[in-house]
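Only one structure is covered here, and it is reproduced in the block below.
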Amino acid sequence: MSWKEKRLITILSIILAVLCAAVLVVLSIRYRAAQAAKDQNTVSPSDIAEAAQSEYVALSYSNGSTTLSFSLNEDGVWTWDSEPDFPLDDTHVKSILTILETLKPQQTLDMPEDLSVYGLDAPDVSLTATAPDDAVLTVTLGNATTDGTSYYATINSDPDHVFILAGTLRQAMQTPIYQMCRLPVLPELTESTITSIQLQGPLVEQVDQIARDEAAYIPLFFKDNIFGVRNGIHYTPSADDHILAWDFTF
């Protein structure tokens, strides 16, 4: 290989290295710009909570038979974590949060040595609410009081005491998820708005039989054929409206 060829290869190698460096610089700039835009568009949990006028951004509870979890999305709307697209009516979630935000124990008791006295050694009913700063409020519910309207409870913010809480919190946690579904608004059906009703499928025969059993048949039309013949000719009409030659006599 001559010195001219070596010089050409060296020059081309330098140019390639410069191009690669330029590409890396451009990619780095674009990446930083994308990250900056992403950071600007990211909504903080505190902003979400403020938009939703809520002290919490997540709620999860077990009511003894099932566990449900909810969280605020970036639009400040409560969603069901298991199915975010579920048409959730968040009225019930907000009512539970309102109970938490205004929670006042009816009575405060010293922590016993044995929590089983109050059914709090292995509670199956509990609730956890998470604030925007990741602070967690946990409430566990045990046995009912003697009057059956309140429950013994522990609250993680005060581990040295047992509390007696009104039964409204436990009762609110018993609502099934499908009773929280936001149903579509159907138009009002009245005699003036209904123009026709069409039935399909096997129920048609059942509906028809019900109508036969409940209502009598009233003839609305009587067919009476009129025939004219000249004197001396007699005609006896048939039931099937067929005119036959032997029906005539002379």
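A compact table of results
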| item | result |
| --- | --- |
| Karplus (6.51, -1.76, 1.60) ³J(HN,Hα), θ = phi - 60°, over the range 80-91, in Hz, Gly and Pro reported as x | 7, 4, 5, 9, x, 8, 4, x, 7, 8, 6, 4 |
| Lys/Arg +1, Asp/Glu -1 at C-beta; the range 46-165 dipole; positive extreme among GLY148, ALA129, LEU72 | GLY148 |
| Förster radius 30 Å - calculated FRET efficiency between LEU183 and ASP158 (Cβ-Cβ, nearest 0.05) | 0.15 |
| Cβ-derived FRET efficiency at R0 41 Å, GLU74 paired with ILE14, nearest 0.05 | 0.25 |
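Each value in this text was obtained by applying a stated rule to the coordinates, not by laboratory testing. Keep in mind that what you see is a predicted model, and the values were worked out from it rather than measured. Using ideal geometry, Cβ is built from the backbone for each residue, glycine included, and neighbour counts are taken over all protein chains shown.
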